[in-house]
Amino acid sequence: MRSLVPTRQPPAAPSPQRGAHTGVVTARPSRKPAVAYAPRDDGDTDPGEVVWTWVPYEDDPSQGKDRPVLVIGWDHDRLVAVPFTSKDHTVHPDNMAIGSGPWDPSGRRSYVKLDRLLLVDPAVVRREGGALDRHRFDEVVHRLTDIHRWS
């Protein structure tokens, strides 16, 4: 995994208020989104990068928290991403260990939640956290393809 250093800093997104529209919604695509591995040190959010954004809770979308997500591709003008967690739920087949990386300054192991896809407005991305290596990115996409039965 490599760290990304943006050449320009995007303006910090304001902290969303409870119940506010955050530019992030849960997606249920019936087909595979446009997936690509293309991280670049250019300050823009690209597939393969881990970025921080506000993620609504599944049980109450009016609330949520700032967390890292892995960008896997695009759906029109929205990023398609999967959320990270620091809790080990790998006993469930829809969770996958990612390991630690520059997205978590505490160095905690991270896990990706494969059962939840997010559509993210690029304007609400708070900061870049790093890039996942190509091999691990491909593993995530392979598992997503199986879980969501994309062809």
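Just so you know, all these numbers are worked out from the coordinates, no wet-lab data involved. Computed from a prediction, not measured in an experiment: that's the story for all the values here. Positions of Cβ are generated from backbone atoms using ideal geometry, with glycine treated the same way; all protein chains shown enter the neighbour counts.
Arranged from fewest to most other beta-carbon atoms within 10 Å of their beta carbon, LEU114, LEU132 become LEU114, LEU132. Residues TYR57, TYR37, TYR111 in ascending order of nearby Cβ atoms (within 10 Å, fewest first): TYR57, TYR37, TYR111.
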